[in-house]
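A.B. asks: A single structure is presented below for examination.
The values are calculated or read from the model by the stated rules, or taken from the named source; none is laboratory data. Please read these numbers as outputs of a predicted model, since none were measured by experiment. Accessible surface is based on the protein model in full, side chains and every heavy atom, while ligands, DNA and RNA are left aside. Shrake-Rupley method; radii C 1.70, N 1.55, O 1.52, S 1.80 Å.
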Amino acid sequence: MNENNDSKKPKLDLGSGDDEDCHDSDVDFKFSNELALEKIRQLQAKFCKERNWDQFHKPRNVLLALVGEVGELAEIFQWKGEVSVGIPELSVKEKEHVGQELSDILIYLVRLADRCQIDLPSAVLQKIHQNGLKYPVQKVYGKNNKYTDYVTESKEDEERT
């Protein structure tokens, strides 16, 4: 996935870049544009190189560290019950802790992609394209079934006709 051949990459309509395309009417939130995944990769690679940690960062080890961080994030939500968008049920301290754990997860995810030599932004675009094929809007709108249910549904529709 480290190829830079743009002709093989799926072309996705990413809209105009504003919130209108994927806007949740209940939440007016968006990320800052301060940091790209490549910059995170570079910062983490430099951080690890300065500490001579590359020797420890084999893909398996980074993956296990990532899983550990997901567990730490899960602990914050454990026993909270259902939590609303924006996590207003959490204290300021807990919300800051969520941000720290999410940051650890993102850093390890980018590091894992780096150590596996996977171009993560390209892989994300490809996956979104594949998901669009597996979950066509006209079949899945307002539903949360697994994609295999829609394949079965299509086969049943074909058999009836």
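A.B. asks: Could you work out what % of the accessible surface of segment 75-151 is carbon and sulfur, using a 1.4 angstrom probe and leaving DNA, RNA and ligands out of the count?
C.D. replies: Details: 3160 of 5500 Å².
Here carbon and sulfur together make up 57 percent of the probe-accessible area.
A.B. asks: Could you sort Ile107, Ile76 by accessible area so the largest value comes first, with the probe set to 1.4 Å?
C.D. replies: Values: Ile107 60, Ile76 15 Å².
Heavy-atom accessible area, descending, gives Ile107, Ile76.
A.B. asks: On average, how much accessible surface per residue is there in segment 28-110, in Å², for a 1.4 Å probe, leaving out ligands, DNA and RNA? Provide the component values of the computation, followed by the final result.
C.D. replies: Numbers: 6400 Å² over 83 residues.
Value returned for segment 28-110: 77 Å² of accessible area per residue.
A.B. asks: Just subtract the alpha-carbon distance of Leu37 and His129 from 0.36 nm times their residue separation and send over the number in nm, one decimal. Don't skip to the end; give the middle numbers.
C.D. replies: On the way: separation 92, 0.36 × 92 = 33.12 nm, distance 1.93 nm.
Taking Leu37 through His129 to full extension adds about 31.2 nm, to one decimal.
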